[in-house]
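Enquirer: Could you have a look at this structure, given as structure tokens, before my questions?
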Amino acid sequence: MTTALPEYYFRIRENGAVVFRIDTENRHQRIEMEQIAVINIRNGEVKPQGQRALSDGDTAEIQRWMEARQALLAQRDIDDIHRAVDHLNLTTQWAQSKASDAQLDDVTDRLLMAMHDLRSVLVRKKADRLSKN
């Protein structure tokens, strides 16, 4: 484990993060976290805490974190979709080989509606892409 702490800490929230500056150079040699800003990752808004003015270093580090976070979230989104495809295949195998009539009665209508909705969106989006080319 490393002994050097980062200069900033980002506490993840639903739509972004709360940004703290880490201070270990105090007389008690304790880790102090001073909130300096709140980030909204969806609209890119950065709100400094109170009357604080963010330094160029603060702003650069926040921007770097936001770009890295957006890339990570995009990667997770596509990874979730690949897992959904795997789950659809596993569900098909389950329905064909293991599911009881009662289990199928419980899920069939919801699955059919969800798959119909997904298929409609995918067909429309593919048609849009083909018409652009």
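Enquirer: For the range 74-113, give me each residue that is under 29 Å from residue 41 (Cα atoms) and small (Gly, Ala, Ser).
Expert: Hits for the range 74-113 are 74, 84.
Enquirer: Also, I was wondering about something else. For residue 68, work out the one condition from (1) within 15 Å of the chain's Cα centre (by Cα); (2) more than 16 Å from residue 8 (Cβ to Cβ) it doesn't fulfil.
Expert: Of (1) within 15 Å of the chain's Cα centre (by Cα); (2) more than 16 Å from residue 8 (Cβ to Cβ), only one is false for residue 68: (2).
Enquirer: Taking the condition modelled with pLDDT of 95 or more, closer than 20 Å to residue 5 by Cα and of a type in the set (A, V, I, L, M), does residue 102 pass?
Expert: Against the criterion (modelled with pLDDT of 95 or more, closer than 20 Å to residue 5 by Cα and of a type in the set (A, V, I, L, M)), residue 102 does not qualify.
Enquirer: Taking the condition more than 24 Å from residue 8 (Cα to Cα), touching a residue at least 12 places away in the same chain (Cβ under 8 Å) and assigned by TED's automatic domain parsing to the domain that holds residue 6, does residue 91 pass?
Expert: yes
Enquirer: Further question: Filter the range 29-53 down to the residues that are farther than 23 Å from residue 73 by Cβ and either part of a strand (DSSP E or B) or not polar (S, T, N, Q) (or both) and list them by number.
Expert: Across the range 29-53, the qualifying residues are 30, 31, 32, 33, 34, 48, 50, 52, 53.
Enquirer: Could you tell me whether the range 60-70 includes any residue that is assigned to a helix (DSSP H, G or I), at pLDDT 95 or above and farther than 17 Å from residue 17 by Cα?
Expert: no
Enquirer: Does residue 21 count as surrounded by 12 or more Cβ atoms within 10 Å (Cβ to Cβ), more than 22 Å from the chain's Cα centre (by Cα), closer than 24 Å to residue 71 by Cα and not acidic (Asp, Glu)?
Expert: yes
The values are calculated or read from the model by the stated rules, or taken from the named source; none is laboratory data. Keep in mind that this is a model prediction, so the values were computed, not measured. Cβ sites come from the backbone with ideal geometry, for glycine too, and all protein chains shown count toward neighbours.
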